[in-house]
1. At 1.4 Å probe size, with every protein chain present, just tell me what the per residue accessible area of region 83-131 comes to in Å².
2. Taking the Cα centre of the chain as the origin and placing charges on Cβ (Lys, Arg +1; Asp, Glu -1), which of Gly185, Ala257, Tyr317 is farthest toward the positive end of the dipole?
3. What FRET efficiency would be calculated for the residue pair Ala90, Ser241, taking the C-beta separation as r and a Förster radius of 30 Å, to the nearest 0.05?
4. Give, rounded to the nearest 20 debye, the magnitude of the charge dipole that the chain has about its Cα centre when Lys and Arg contribute +1 at Cβ and Asp and Glu contribute -1 at Cβ.
5. Once the piece of chain linking Ala110 and Asn704 is laid out straight, how much longer is it, given 0.36 nm per residue of separation minus the C-alpha distance between them?
6. Would you mind computing, in nm to one decimal, how far apart the modelled labels at Leu72 and Thr118 are, each placed 7 Å from Cα along Cα→Cβ?
7. Among [x] 50; [y] 57; [z] 69, which is the computed percent of Cα pairs over 35 Å apart?
8. What is the chain's relative contact order, in percent, from Cα pairs under 8 angstrom and six or more apart in sequence?
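The values are calculated or read from the model by the stated rules, or taken from the named source; none is laboratory data. Given the structure is predicted, the values throughout are model-derived calculations rather than measurements. Neighbour counts are summed over all protein chains in view; Cβ atoms, including those assigned to glycine, are modelled from backbone coordinates with ideal geometry. Accessible surface areas use protein heavy atoms only, side chains included; no ligands, DNA or RNA. Shrake-Rupley method; radii C 1.70, N 1.55, O 1.52, S 1.80 Å.
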Amino acid sequence: MNRCRPTRTAFVTDRSQNQLVHSLPSASRSCRAIARSVAMLIIGVCAMATSWAHALTLCANSVSSLQTAFSLAQGAQQGVSIQIASGTYAIQGLTLTLPSQTKLLGGYDAACTSRSATPKASDTVIDFGGYGVYIWQTEGTPVSLFETDGLSLLNAKDLKIKAGIYSGEGNVQLSRTRVTGVASGTTGIEFLVFGGGSVHLDNVLIDTLPSGMPSGQCAMEATLYGGGSILMQNSTIVLPSNKNLCFYDPNADGSTASLYNSVAWSAIQNSAIDSHMSTINTFNSTFFGMTRNGGNGQDVAALHNDPQWVSPGSSDYRMMSTSTSVNSGTPIQPGGLSALDIDGQPRWQGQLPDRGAYESTFQTAQTYTVTNTASSGAGSLSDAMAQANVNPNLGIIHFSIPGACPHVIALNAALPKVTSPMLIDGTSQPGWVANTDTDAFLATLCVVVTPSSGTLPYAFQVPAGADASLGLRGIAMGGFQKPVVLAGGSGHVIAGNRFGGSFGNGIVLAGATLHSIDVLPSLNHGSFIIGGPAPADRNLISKSAFSGISVQSGVDGSQNQCQIVNNLIGTSPSGNVAAPNFVGITMAGDHCVIDGNRIVGNTTDGIVIDGSTDTVIQRNIIGLTVDDNGLQNSGAGIRFANFSIYAVVGAPLSTYAWEFKNTIRFMATAGIVIPSGTNNTFRSNEIRDNGIGGDGLDIDLGANGPTANDAGDVDTAANFGQNFPLVSNVAIPPGTPSNATNVSATITAKLDSLPGITYRMDAYFTNHCSGVNGRGHADAYLGGTTATNLEVFNFVVTLPNVLSTAYVSFTATDQAGNTSEMGACYPVSGGGDTIFKSSFEG
């Protein structure tokens, strides 16, 4: 396939030092690193792209170059990433209106050629000198985003960050960010987003807000217009007396707030979490001197005692060993637990992660050390697990086997079942190297577990009824029916492991004869995460005779209890060569999340949804290798089997966001196949190049090929056979050249469907209209609007190009979430023969 152009190179020169302070490398390997890091949408020969496809990457290592970078960001028409070298930058306040998605990233070296693997927020400081900070990120493609990572924001009088506009989604994300030394006279810290977006605080410290604030009751507030969510993870908020932490949903749009492993503290016990939202849930968080006002929801494992910080008077918010907030958080969070805390230290040290922005090194667990590769006896893995099972508290199994890696533990009999909390940590073996690649699996694993001969039923199993958690990291496995079986317990984290395939050093790991990871019905409401957000958390799962991962019917994963995140399924470690499972993932459990996995090269389907309820499938790459080549799953990308309901594939019904998109390409059949089932939502995905000649359907309702619209939309097929809108005109500015890109256009269309319902109309662009069935493809998502039955609606979009091969199409989704097939394609260049006056498909 054609390679993409590298990102645009921009230079900012510090003239006082007469040196170049920004230099962007040329193309990375086949531009896939760029594509991942800046959320590129690759269409054809890259003629069409989002604002991040040619991101403006700026480097600052001085006050002048930082100010120049801010100025350039205010005029940029593409995504902007400002990379800031470690150091302190004193500026007098900041007022920015940003037209494109913008990121501020700290922790770089002076030339921004590399970034610390463990950036501390305190290493990169912007000192605002007691002046106000006002940032509004107004636009994006098609959503707004303002993000910080690895920074300290010091001495701001006010800090106001807004994203989005009333008609467009906004998102604010702060990670590993410290807000401290807030100047007296401040009116507070405010995050405000529009259009159903989100506020996400991850490993954030908001410190020393001054007392005597002049107005209002909120020291910090987050406000959402149009719905959306607030997610606060592993963060610390230090409030002044008589002031509240406030969450607002001003128009009662159904917004939600969730707090995980966080600490909110008030010096005098008269502050509150003041929630004006429909739902607020807290998990394993500490609230000292605070009460909770408003909002439905639940509080899980909440504490209300002093977190016992080391020295809050000098802004040291690390906790003492006696704190009940130490080792009492939860690893089960949306998307998984962050790998590093605000100080760049490993987030999970001890029995459980800590609450708050800092992770302590206090270790209360008992450690057992494996010193040889014997199948049993002293120093063996089997013996260490047997000892750990006797301890009702967490047992950590470390490895210290003499000699060079890898070390093969050849078992004569099955290992003990896990009946007490246990972390089996293969990363502790000298020689282990974590995977740092954003897409592949390039870890060096030093512990290999196999049968000495034949096949054993399992390697690691938590039996039904066990009151246990299993953490499994850094282990390579092969030769088992089911290497990992989760039948009981809760809080399981399976991360950084390898299942099957050619291991090197003459070692070939036989694939599972059933499933590599099997989650049984007896787990029921037990929680687990397979994978995690960091590259080091990724599992490599290959060569399974049935499913790489199987979650069986009866598993109920409500509240993020069932997550499969960021794994590489069906390939070699490079992510470019097939090492197929029969099916990538089989999901029969309810309320589960499949997020950010790469699923390619499998023998049949990428994902099978087997009679489940409320499965969420987002941000997965199905059928595309790490080097952006097609490597098909020889079936469908996502196949629904039996009667599945309320699945969300891509963006949920509440938003028009592209960032939830799944990429489904190069399948042997259709992208999404759904023989039966209802209320299943398919929105904002990139689906193309599937089937023979790339003409396969993006969405196949009924698994019987293209389904024509019917008058009144009264059929009862899959998703009730929801009709799709038909385009009647695409209006572009007169005189637009045929090779123009990023062209504003107005699409006119109409939907014949059930009356009395407001439908979500989602627009898509393609440079390939199917010659077989006349349907469009979802090369790129153009955004969406709402309309009712038989209403002629106009929708303004930005077309990536107006070539003779350019087409637009729509899907419709009703209020219950039933999405149609992809509609008939209409040529951008004018005129079409696929539409009849009756509005039915031709």
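1. That works out to 38 Å² per residue.
2. Tyr317
3. After rounding, the FRET efficiency stands at 0.50.
4. 1400
5. Here the segment from Ala110 to Asn704 would lengthen by 208.0 nm.
6. 3.2
7. [x]
8. It rounds to 5 percent for the chain.
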